[in-house]
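Peer 1: Supplied in structure tokens, the structure appears directly below.
The values are calculated or read from the model by the stated rules, or taken from the named source; none is laboratory data. Being a predicted model, the structure only gives us computed values, none of them experimental. Every residue, glycine as well, gets a Cβ built from its backbone with ideal geometry; the counts of neighbours run over all protein chains shown.
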Amino acid sequence: MLVTLNSLLLLAEGEAAGQQAPLWSLAFPLLAIFGLFYFMDAPRRRDQARRESMLKNMKKNDRVATIGGILGSVVNISTDGKEVTLKVDDNTRIKFRRTAIAEVFGDEPAETTTKPT
């Protein structure tokens, strides 16, 4: 029995034309994939919203850590809100982009001095 490529193609076209799947059965896998990606992306969106809120609520005298690991307290926030000046030592102030702040610890605690006895 000799089967040619043309006869296989005609047979496949005939079967495909006779049995078409309903549209909803084709859309279900796509919807499932989109739903999966939506729920997989939820933690990233939640973390991004938390970070934006943290940076928006940052104020003067808050202790912060930069993405480079520098610890300091906020001395000034620019009028456009894009730059933050940090006091990292008694006479040392450094300007950073607001997006360079990794963590805000809150208000600066009162300095405690320990004197040896």
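Peer 1: Could you please find all residues in region 23-76 being of a type in the set (Lys, Arg), part of a helix (DSSP H, G or I) and either farther than 13 Å from Ala102 by Cβ or in contact with a strand residue (DSSP E or B) (Cβ under 7 Å, 6 or more places away or on another chain) (or both)?
Peer 2: Arg44, Arg45, Arg46, Lys56
Peer 1: Moving on to the next point. How many residues, within region 60-105, are closer than 20 Å to Gln48 by Cα and of a type in the set (S, T, N, Q)?
Peer 2: 2
Peer 1: Name the residue that is surrounded by the most Cβ atoms within 10 Å (Cβ to Cβ), counting only residues in region 71-89 that are at pLDDT 90 or above and either touching a helix residue (DSSP H, G or I) at 6+ places or on another chain (Cβ under 9 Å) or of a type in the set (Asp, Glu) (or both).
Peer 2: Within region 71-89, the match that is surrounded by the most Cβ atoms within 10 Å (Cβ to Cβ) is Val84.
Peer 1: Suppose we keep only residues that are polar (S, T, N, Q) and part of a strand (DSSP E or B) within region 80-107. Which one would you say is farthest from the chain's Cα centre (by Cα)? Please lay out each step first, then the result.
Peer 2: First, pick out the residues of region 80-107 that are polar (S, T, N, Q): 85, 91-92, 99.
If we keep only those that are part of a strand (DSSP E or B) too, we end up with 85, 92.
Details: Thr85: 25, Thr92: 32 Å.
Once the filter is applied, the top-ranked residue is Thr92.
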